[in-house]
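Trainee: My questions all concern the structure below.
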Amino acid sequence: MDTKLLDGKLVADIETAAKILSCGGLVAVPTETVYGLAADAANSTAVAKIFTAKGRPSNHPLIVHIASSRELSKWAQDIPDVAYKLADAFWPGPLTLLLKKNPAVSDVVTGGLSTIGIRVPSHPVFFKLLELGKTAYAAPSANPYKQLSPVTSQQVMAGLAGKIDAIIDGGPCVVGVESTILDLSQTPFRVLRSGPISVEQLEQVTEGSIESPLVHGVAVSGNVEDHYQPKTPLYLVSRTELLSLMGKSEPNGAYLSIGAVREKSASSTCVFMPTNPAEYAQLLYSTLYELDQKKPEVIWCEMPEGEQWGYILDRLRKASSNY
Ligand code: TXA
Ligand code: MG
């Protein structure tokens, strides 16, 4: 299959994407978090193709992307009022709500679960697509199973060319890591995947405490230990260890530090990441992609410290070989 590269700046190209999707095809689309691999959520044959293209087990549920919270009841049932409050506060944006599934929705979308993950993405290209398609789109991150989520159309192409109908380029993703997933289908509410919207921000709206267990039994692919992995082995180390490793100047290592470091070996690759978590998150997957291209033997990555780094540390742990 020839994968078309479409330009999100051209209305005609977004129309082409909408047409491919309405005919049951797969199109990778930009969101504010990461690129998603979309299919018409109302067409279970189309949705099934997502699992084949990604090589993802079919019991791993997909997130359904809708245009506004007014459409929630088409996909979910027994929706608590707090879902609408959270939607008002954070949508469009990087928050996925888990709700009880509307029985009319195909089990293919939810991997047979009785709950469904839903969010309103914030990207003008995706919004236009939703408007044209008058449907919702099921979309996991547009990467082959277990690899890094893509944050540019080039990264999608590198992983899925030949396996999907098209990619719409909408520029680099501004958030850079996947949405926060909040389970509202049972009490107490729980964060199943930490993300750009923090538990504290959510609690301000729910006015009740939210659990965020690190280990839980729910079948979430982002909950698989070795997820989000670069091809190069990555080790998380303290800043002190990083500096000492840099001093040894191993020829084929790459180093990912937070902020500048004084010591820097001339023969290896050093990347100085932003000291602000949101800026760090925006660059994380792209940086790991770029480091992979340079084919170092190992990536030594400074472990961030502090509560506001929680969702980033979660990704780094899953990317690392020493956790
Ligand atoms: O930011 C995002 O959430 C991106 C963009 C494209 O929207 N999507 C994304 O999808 O990260 P995916 O499939 O790569 O990760 C979604 C996670 C998966 O780990 C999936 O298992 C979990 O959400 N999930 C979806 N529906 C669920 C459900 N009903 N119950 C439990 N987990 C669910
Ligand atoms: Mg994913």
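Trainee: So if I place +1 on the C-beta of Lys and Arg and -1 on the C-beta of Asp and Glu, and nothing else carries charge, what would the dipole magnitude of the range 91-219 be about its Cα centre? I want it in debye, nearest 20. Working shown, then result.
Mentor: Working: 9 positive and 10 negative charges, 67 e Å.
Computed about the Cα centre, the dipole is about 320 debye.
Trainee: Would the range 1-126 count as rounded, prolate or oblate if I go by the C-alpha gyration tensor, calling it rounded below 1.5 in a/c and otherwise prolate when a/b exceeds b/c, oblate otherwise?
Mentor: Oblate, since a/c reaches 1.5 and b/c is not below a/b.
Trainee: What ranking, highest mean first, results for peptides 149-160, 101-112 when packing means the other Cβ atoms within 10 Å averaged over each residue?
Mentor: 149-160, 101-112
Trainee: With +1 assigned to the C-beta of every Lys and Arg and -1 to the C-beta of every Asp and Glu, and no other charges, what is the dipole magnitude of the range 246-323 about the Cα centre in debye, to the nearest 20?
Mentor: Dipole about the Cα centre, nearest 20: 180 debye.
Trainee: Under a plain spin-label model, where a point goes 7 Å from the Cα along Cα-to-Cβ, how far apart in nm are Glu305 and Thr45?
Mentor: 5.8
Trainee: Does anyone have the angle between helix 124-133 and the longest principal axis of the chain? Alpha-carbon axes, 0 to 90°, nearest 10?
Mentor: 30
Trainee: Mind giving me the FRET efficiency for Phe272 and Ala161? R0 is 41 Å, r the Cβ-Cβ distance, nearest 0.05 is fine.
Mentor: Efficiency, from the Cβ-Cβ distance: 0.80.
Trainee: Measure nothing but the geometry: give the 0 to 90° angle between the long axis through the Cα atoms of 44-54 and the longest principal axis through the Cα atoms of the chain, rounded to 10°.
Mentor: The two axes meet at around 10 degrees.
Trainee: Lys248: which aspartates and glutamates have alpha carbons under 18 Å from its alpha carbon, excluding same-chain residues fewer than 8 sequence positions away?
Mentor: Glu263, Glu297, Glu302
Trainee: Here's something else I'd like to know. Using mean Cβ contacts within 10 Å as the protection proxy, how do 180-186, 270-276 order, highest first? Could you put the intermediate results ahead of the total?
Mentor: Values: 180-186: 21.6, 270-276: 14.7.
Highest mean packing first, the order is 180-186, 270-276.
Trainee: Calculate how many DSSP beta bridges within the chain are antiparallel, expressed in % of all such bridges and rounded to the nearest 5.
Mentor: Beta bridges within the chain, antiparallel portion: roughly 40 percent.
Trainee: Which of the listed residues, Ser179, Ser198, Ile258, is farthest toward the dipole's positive end in the chain, when Lys, Arg count +1 and Asp, Glu count -1 at the beta-carbon?
Mentor: Ser179
Trainee: Something else about it: With +1 assigned to the C-beta of every Lys and Arg and -1 to the C-beta of every Asp and Glu, and no other charges, what is the dipole magnitude of the range 34-118 about the Cα centre in debye, to the nearest 20?
Mentor: Roughly 200 debye for the range 34-118.
Trainee: Now a separate question. Measuring with a 1.4 Å probe in the full set of protein chains, what accessible area per residue, in whole Å², belongs to the chain?
Mentor: Ligands and nucleic acids excluded, the figure is 43 Å² per residue.
Trainee: Right, here's the next one. Quick check: at a probe of 1.4 Å, how many percent of the accessible area of the chain sits on carbon and sulfur atoms?
Mentor: That fraction is 51 percent.
Trainee: Mind grabbing the base-10 log of I(q)/I(0) for the chain at q = 0.12 Å⁻¹? Debye formula, identical points on the C-alpha positions, no solvent, two decimal places.
Mentor: -0.80
Trainee: Pairs to check: Lys49/Lys74; Lys101/Lys134; Lys295/Lys318; Lys19/Lys54; Lys9/Lys318. Give those whose C-alpha atoms are more than 24 Å from each other in this structure.
Mentor: Pairs exceeding the cut-off: Lys9/Lys318.
Trainee: Name the residue, out of Gly117, Gly55, Gly93, whose mean-square fluctuation peaks in a Gaussian network model built on the chain with Cα pairs under 10 Å.
Mentor: Gly55
Trainee: Using only Cα atoms, tell me the angle between helix 81-90 and the longest principal axis of the chain; keep it within 0 to 90° and round to the nearest 10.
Mentor: 50
Trainee: Sum -39500 (n - 2.57) across every DSSP H segment of at least 4 residues in the chain, then divide by the residue count to get the 222 nm mean residue ellipticity, nearest 500.
Mentor: About -9500 deg cm²/dmol.
Trainee: Oh, and also: Please give the length that would be gained between Lys248 and Glu131 if that part of the chain were fully extended, namely 0.36 nm times their separation in residues minus their C-alpha to C-alpha distance (nm, one decimal).
Mentor: Residue separation times 0.36 nm, minus the Cα-Cα distance, leaves 36.5 nm.
Trainee: Run the 1.4 Å probe and let me know the accessible area of Arg317, rounded to the nearest 10 Å².
Mentor: 90
Trainee: Set Lys and Arg Cβ to +1 and Asp and Glu Cβ to -1, take the dipole of the chain about its Cα centre, and tell me which of Gly310, Thr240, Ser114 lies farthest positive.
Mentor: Farthest towards the positive pole: Ser114.
Trainee: Given a Förster distance of 45 Å, report the FRET efficiency between Tyr84 and Glu297 from their Cβ-Cβ distance, rounded to the nearest 0.05. Kindly include the intermediate steps, with their values, before the conclusion.
Mentor: On the way: r = 51 Å, r/R0 = 1.13.
The pair Tyr84/Glu297 has a calculated efficiency of 0.30.
Trainee: Can you tell me the Rg and Dmax of the range 103-220, counting just the alpha carbons, in angstroms?
Mentor: Considering the range 103-220 through its Cα atoms, Rg and Dmax are 16.2, 47 Å.
Trainee: Shifting gears a bit: Simple spin-label model, 7 Å along Cα-to-Cβ: Lys19 to Ser106 in nm?
Mentor: About 2.3 nm, to one decimal.
Trainee: Distance in nm between label sites at Tyr323 and Glu207, each 7 Å beyond Cα in the beta-carbon direction?
Mentor: For the pair Tyr323/Glu207, the computed spacing is 3.5 nm.
Trainee: Pull up all non-local amide H partners of Leu6: gap of 5 or more, or a different chain, and H-to-H distance under 5 Å with H placed in the peptide plane.
Mentor: Ile167, Ile168, Asp169
Trainee: Using a 10 angstrom cutoff on alpha carbons, build the Gaussian network for the chain and name the most mobile of Leu98, Leu234, Leu243.
Mentor: Judging by the Gaussian network model, the answer is Leu243.
The values are calculated or read from the model by the stated rules, or taken from the named source; none is laboratory data. Predicted, not measured: the structure shown is a model, and the values here were computed from it. Cβ: placed from backbone, ideal geometry, glycine included. Neighbour counts: every protein chain shown. Note: accessible area is taken over every heavy atom of the protein model, side chains too, but ligands, DNA and RNA are not part of it. Shrake-Rupley method; radii C 1.70, N 1.55, O 1.52, S 1.80 Å.
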